[in-house]
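Working notes, structure below.
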Amino acid sequence: MIEVLAKLGRGPVFLAGEVLECVITFTNPLSASSTSASSEMLAWASAQIHCQFHASENRVALPPSDGSKHDVQAENETVFVPNRGERGQCILSTPPKILFCDLRLDPGESKSYSYCETLPVDGPPSFRGQSVKYVYKLTIGCQRVNSPIKLLRVPFRVLVLHGLKDYQFPQDEAVAPSNPFLEEEEGLKKDSRLADLATELLMVATSRRSLHLYNISNTRGKVGTFCIFKTVYKIGEDVIGTFNFSEGDIPCLQFSVSLQTEESIQEEFQRRRGQPVSFTVHARHQESCLHTAQSSFSLPIPLSSTPGFTTNIVSLKWRLHFEFVTSGDSAGTCLVRGSQSEAVTWTGVEQMEVDTFSWDLPIKVLPTNPILASYVSQFSSTNSITI
């Protein structure tokens, strides 16, 4: 028996273009019955990253697959196929890397191997929607002699920040501080610069503030104004907005604000023409506001959510969805005067005419620092299997 343990040192969330590093440890556990003849042998071990795509048959019409590309060796259990047994299509994969050949482990002995691979920048982000799914996994295959291959899958999350792949790092870095006594791999050095660049770009894009003021009106007149200071956010931030109903001509009885994502299938891949767009609500605020001069809301963007993106099949956009309930009468008819002689009391009317209308405000949601997103990830940094 051999235990295989795979550990992602920095966490299970990465930016496209970063280097994923995984330490894989093979152990022959020492038990009471172990003897010097209890050594274990593995013929080989290999690792590969792949992205699995799955689409809902009711919503997405994919082109027929090319049967001529079918690999008959994939059905052989002695061939390393990382996505064997999984649903959907493998749309992206890195070249497989051999970790070792002919590994012998004595009882109680362990050996570790480091797997490093740059995540492709042209792939989609990790996404689990109502119509499609994009799932990334690192698959480690191990085989004993004359035995089927055993697979250890390590799921992880990929965030995509557009513009990173077009950035050219300066060739002359002689002025950069360095330690001549330490050797640093070029790949890890570039990976560190890439993460720093992403953090800087996100900070610049989401820190710009400018007043956006919108008039809220229906067919009968002005209800109020809405103010928001920016429309570009990172996941994990709060969307904050304020209302001013003091200058409105139409009384607003109630409002609600929903933070939503809009998942739409590209027209050429739609199952039926004009099929509806899928919406997902991530946060919602509702408030009764009769005789309220000003109000506000704060909606958190979950760290587990997917920033906006577009592929050849699906598009994901973010928006604020507003719903307003206004009075069909003047402000004075919302209250009635009581019949008490000593004091004047006002009570709400039992029935009144109301009007409702909605409004959508598009916003842009970008990724965040992958280390921050790792804290709330549903994936574990450590995965294991026994073979």
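The Cβ shell under 13 Å around Asn312 holds other residues with a net charge of -3, Lys and Arg each +1, Asp and Glu each -1. For the range 233-278, trypsin sites (Lys or Arg not before Pro) are listed when DSSP marks them as loop and at most 16 other Cβ atoms sit within 10 Å of their Cβ; the list is Arg271, Arg272, Arg273.
In loop segments of the range 93-162 as defined by DSSP, there are no trypsin sites (Lys or Arg not before Pro) with at most 10 further C-beta atoms inside 10 Å of their C-beta. A crude spin-label estimate for the pair Ile240 and Ser93, with each label 7 Å from Cα along the Cβ direction, gives 4.9 nm.
Glu109 contributes about 60 Å² of solvent-accessible surface, heavy atoms of the protein only, 1.4 Å probe. The calculated FRET efficiency for the pair Thr231 and Thr382, based on their C-beta separation and a Förster distance of 22 Å, comes to about 0.05. Between Ser112 and Thr280, take the C-beta separation as r, use R0 = 45 Å, and let me know the FRET efficiency to the nearest 0.05. Plugging the Cβ-Cβ distance into 1/(1 + (r/R0)^6) gives 0.65.
For the pair Glu267 and Leu290, label points projected 7 Å from Cα toward Cβ lie 4.7 nm apart. Between Arg220 and Val121, what's the calculated FRET efficiency when r is the beta-carbon distance and R0 is 56 Å? Round to 0.05. Result of the calculation: an efficiency of 0.60. Contact order for the range 77-145, expressed relative to its length and based on alpha carbon pairs under 8 Å spaced 6+ residues apart, stands at 33 percent.
Gain on full extension, evaluated as 0.36 nm per residue between Arg10 and Ser358 minus their Cα-Cα distance, stands at 120.9 nm.
The values are calculated or read from the model by the stated rules, or taken from the named source; none is laboratory data. For clarity, every value in this text was computed on a predicted model and none was experimentally measured. Using ideal geometry, Cβ is built from the backbone for each residue, glycine included, and neighbour counts are taken over all protein chains shown. Accessible surface is based on the protein model in full, side chains and every heavy atom, while ligands, DNA and RNA are left aside. Shrake-Rupley method; radii C 1.70, N 1.55, O 1.52, S 1.80 Å.
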